[in-house]
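Below you'll find the structure, written out as structure tokens, and then a few comments.
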Amino acid sequence: MLRRFEALPGPFTFEPARTATLLIDMQRDFLEPGGFGAALGNDVTRLHSAIAPCAAMLAASRAAGLLVIHTREGHRPDLTDCPPAKLTRSPPGMRIGDPGPMGRILVRGEAGHDIIPELAPRPGEIVLDKPGKGAFWATDLEPILRHRGIEALLVAGVTTEVCVSTTVREANDRGFRCAVIGDACASYFPEFHAAALAMIHAQGGIFGWVATSDSAIAALRTTP
């Protein structure tokens, strides 16, 4: 049964069995002090506004039986998958792989690489580790979605203009329809957040749709 919710630039329709909720990089390294986000000089508390809407989206998605996928950006312990240009962005001592309060910064298996406790994956939910910004690059996300018959994505997470936007653009090129849940996304820079959302739904939805969590959750709770 098709469901719909109001969005920009127009209503978004979806079939729960063919829709996945994609939660992007809600990791301790980005949202808590001492992680990669803080090492870059950012105020990590600016991302906290997305936590409650993400939790509400997760609960509604689980109740509606949607496929739920969590992503984590991070690198192999030997850093062989980390480009030098990315590695040298921060000063020595605060770079990817350097020791931090939550273990080695942005390295898979370290405490900081994990998803924040408020949004912890449930057993059986997919946790996808990615080395780059987009969730499709160097991962098996596309075959996972194709094998499950997924054609629409409800996207939330951080940061809006980087990993969320990159993933949505990758998805759009692959033919997936994306609804970005605006209040369940956040950025260290509020102006970047607003601009990124505007770019997604501009020109008739050039990359996708943008909606509020309240609208999407109401549709997820609709009784067939």
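The values are calculated or read from the model by the stated rules, or taken from the named source; none is laboratory data. For clarity, every value in this text was computed on a predicted model and none was experimentally measured. With ideal geometry, Cβ positions are generated from the backbone for all residues, glycine too; neighbour counts draw on all protein chains shown. Heavy atoms of the whole protein, side chains included, go into the accessibility calculation; ligands, DNA and RNA do not. Shrake-Rupley method; radii C 1.70, N 1.55, O 1.52, S 1.80 Å.
Taking segment 178-196 as the region of interest, how many residues are open to solvent by less than 50 Å² (accessible area, probe 1.4 Å) and either assigned to a helix (DSSP H, G or I) or in contact with a Phe, Trp or Tyr (Cβ under 6 Å, 6 or more places away or on another chain) (or both)?
Residues that pass the stated criteria total 4.
How many residues are among the hydrophobic types (A, V, I, L, M, F, W, C), within 16 Å of the chain's Cα centre (by Cα) and under 20 Å from Leu58 (Cα atoms) when one looks only at segment 110-144?
9
Does any residue of segment 207-223 turn out to be over 13 Å from Ala60 (Cα atoms), in a loop (DSSP other than H, G, I, E, B) and more than 17 Å from the chain's Cα centre (by Cα)?
No, segment 207-223 contains no residue that is over 13 Å from Ala60 (Cα atoms), in a loop (DSSP other than H, G, I, E, B) and more than 17 Å from the chain's Cα centre (by Cα).
Matching residues to (1) in contact with a Leu (Cβ under 7 Å, 6 or more places away or on another chain); (2) in a helix (DSSP H, G or I); (3) open to solvent by 50 Å² or more (accessible area, probe 1.4 Å):
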residue: Pro123; (1), (2), (3): no, no, yes
residue: Leu128; (1), (2), (3): yes, no, no
residue: Gly132; (1), (2), (3): no, no, no
residue: Ile144; (1), (2), (3): no, yes, no
residue: Gly149; (1), (2), (3): no, no, no
residue: Gly157; (1), (2), (3): yes, no, no
residue: Ser165; (1), (2), (3): no, yes, no
residue: Glu170; (1), (2), (3): no, yes, no
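Show the residue pairs that are 6+ apart or on different chains and have beta-carbon atoms under 9 Å apart, the first residue being within segment 97-118 and of a type in the set (Val, Ile, Thr), the second being loosely packed, with under 15 Cβ neighbours inside 10 Å.
Matching pairs, first to second residue: Ile105/Pro99; Val107/Arg76; Val107/Pro77; Ile115/Val127.
I'd like the full set of residues that are farther than 17 Å from Val158 by Cα and of a type in the set (Gly, Ala, Ser), limited to segment 77-129.
Result: Ala85, Ser90, Gly93, Gly97, Gly100, Gly103, Gly109, Ala111, Gly124.
Which one is nearest to Ala184 (Cα to Cα), of the residues in segment 100-119 that are open to solvent by less than 60 Å² (accessible area, probe 1.4 Å) and part of a strand (DSSP E or B)?
Only one residue tops the list, namely Ile115.
Suppose the filter is open to solvent by 60 Å² or more (accessible area, probe 1.4 Å) and in a loop (DSSP other than H, G, I, E, B); does Gly175 pass it?
In short, no.
Any idea which of Leu58, Leu66, Leu47 is in contact with a Gly (Cβ under 8 Å, 6 or more places away or on another chain), open to solvent by less than 30 Å² (accessible area, probe 1.4 Å) and touching a residue at least 24 places away in the same chain (Cβ under 8 Å)?
On inspection, the qualifying residue turns out to be Leu47.
Do you know which residues across segment 83-99 are aliphatic (A, V, I, L, M) and open to solvent by 70 Å² or more (accessible area, probe 1.4 Å)?
Ala85, Met94
Would you say Thr80 is free of Cβ contacts under 8 Å to residues at least 24 places away in the same chain, within 21 Å of Thr166 (Cβ to Cβ), of a type outside the set (A, V, I, L, M, F, W, C) and surrounded by fewer than 13 Cβ atoms within 10 Å (Cβ to Cβ)?
No, not satisfied.
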